[in-house]
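Report on one structure; see the data block that follows.
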Amino acid sequence: MTAPDPDPNPFSPPHAPTGSDAPTAAAPRPTPLPPPAPLPSPSPSPSPYEAAAPHPGAAPREPSTGSGWVIAAFLLFWPLGIPALLASQRAARALGAQDLQTTRRESERARSWGVGAVIVGAVAYVGSWVTVVVLLASGIFAVSTFSETATTSVIDLGAPGSTTPDGSGVDSAPEALDTDILDLAVGDCVSTTDLPDTVFTVPVVPCASDHQAEVYAITHLAAGDFPGDEGVQALAEDFCFEAFESYVGLPYEDSELYAWWFSPTEENWTWGDRSVQCFLEPLSGTVTGTLEGAAR
């Protein structure tokens, strides 16, 4: 008798019975288990410093042609708007031809011109306000200075040839009073020694003391546009020569006295000065007393 196999295979079929016509029965096989499905790997959280990937199937962003910068350039500093417009038009043509590289390049040029216009426009805007403030401050200062000069107190020097209360006449060395040209009056006597080239004031002295010149007529020219230096001189000359005879008593052509005048410059005309002051004086030496009615 044969001993049984000590470790029979549990999946081996049993021994078939002897005999050729005995059917062979197949033992059932267990169904193998499917392999375990792999665990899904966790998706990494997006980094806050990385741009999110475009959504699949999203249309690509169309490059800008810089038209917005063109508008800004024309509004703030139009000379730079012209090259910005040309660059924007080139970018638009390149975009129509699907030449994205040229589109981006020309769009960047339009942007550069636009940024330049914004900067220049901002600087010009600030500069204009600074200029306005400076001009206003200068005008206020000039008006204040002019007012102070025009309101200088005038000391009464007395009538020509007048005497002091003690009957001794005027002081032997009277003090000259610097008087603004616009404050002169007919009959004022003036010392013209060492007058500067540009005159704003003249030294007025008593007519009883030695002096060189005397104011004999004053007028104001008609308002309007500045007639030019030669035009002003012609008007002043006509007036002063015509007024000479009525003050001195002789026509200017027959007199031994010399006439001259102050007339406004273009700058003074702009400020509203239209006055002409006529002076007379001898050709040499000084005068004591007034020349009114002297018939010299």
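Things to note:
- Residue check, Ala92 assigned to a helix (DSSP H, G or I), out of contact with any Asp or Glu (no Cβ under 6 Å at 6 or more places or on another chain) and at pLDDT below 80: no
- Annotation note: of Leu76, Leu85, the sole residue that is surrounded by 12 or more Cβ atoms within 10 Å (Cβ to Cβ) and modelled with pLDDT under 80 is Leu76.
- Hits in the stretch 107-152 (condition: modelled with pLDDT under 85, open to solvent by less than 60 Å² (accessible area, probe 1.4 Å) and over 19 Å from the mean Cα position of the chain (by Cα)): Ser107, Ala110, Gly114, Ala142, Ser144, Thr145, Ser147, Thr149, Ala150
- For the stretch 271-296, the candidate set comprises residues that are in a loop (DSSP other than H, G, I, E, B) and hydroxyl-bearing (Ser, Thr, Tyr); within that set, the residue that is nearest to Glu253 (Cα to Cα) is Ser284.
- Qualifying residue in the stretch 237-257 (condition: under 17 Å from Ile181 (Cα atoms), assigned to a strand (DSSP E or B), aliphatic (A, V, I, L, M) and open to solvent by less than 50 Å² (accessible area, probe 1.4 Å)): no
- With respect to the conditions (1) among the aliphatic types (A, V, I, L, M); (2) in contact with a strand residue (DSSP E or B) (Cβ under 8 Å, 6 or more places away or on another chain); (3) surrounded by fewer than 16 Cβ atoms within 10 Å (Cβ to Cβ), Ala295 falls short on a single one, namely (2).
- So Ala223, is it crowded, with 18+ Cβ neighbours inside 10 Å and among the aliphatic types (A, V, I, L, M): no
- Contacts under 6 angstrom Cβ, first residue in the stretch 92-105 being over 10 Å from Thr65 (Cβ atoms) and touching a residue at least 12 places away in the same chain (Cβ under 8 Å), partner open to solvent by 100 Å² or more (accessible area, probe 1.4 Å) and among the basic types (Lys, Arg), 6 or more apart: none
- Checklist (1) of a type in the set (S, T, N, Q); (2) open to solvent by less than 20 Å² (accessible area, probe 1.4 Å); (3) touching a residue at least 40 places away in the same chain (Cβ under 8 Å) applied to Ser67, failing item: (2)
- The residues in the stretch 195-218 that are under 20 Å from Gly293 (Cα atoms), part of a strand (DSSP E or B) and open to solvent by 30 Å² or more (accessible area, probe 1.4 Å) can be counted, and the count is 1.
- Some residue of the stretch 48-62 being modelled with pLDDT under 80, surrounded by 15 or more Cβ atoms within 10 Å (Cβ to Cβ) and touching a Leu at 6+ places or on another chain (Cβ under 9 Å): no
The values are calculated or read from the model by the stated rules, or taken from the named source; none is laboratory data. Keep in mind it's a predicted model, so treat the numbers as computed, not measured. With ideal geometry, Cβ positions are generated from the backbone for all residues, glycine too; neighbour counts draw on all protein chains shown. For accessibility, only protein heavy atoms count, side chains too; no ligands or nucleic acids. Shrake-Rupley method; radii C 1.70, N 1.55, O 1.52, S 1.80 Å.
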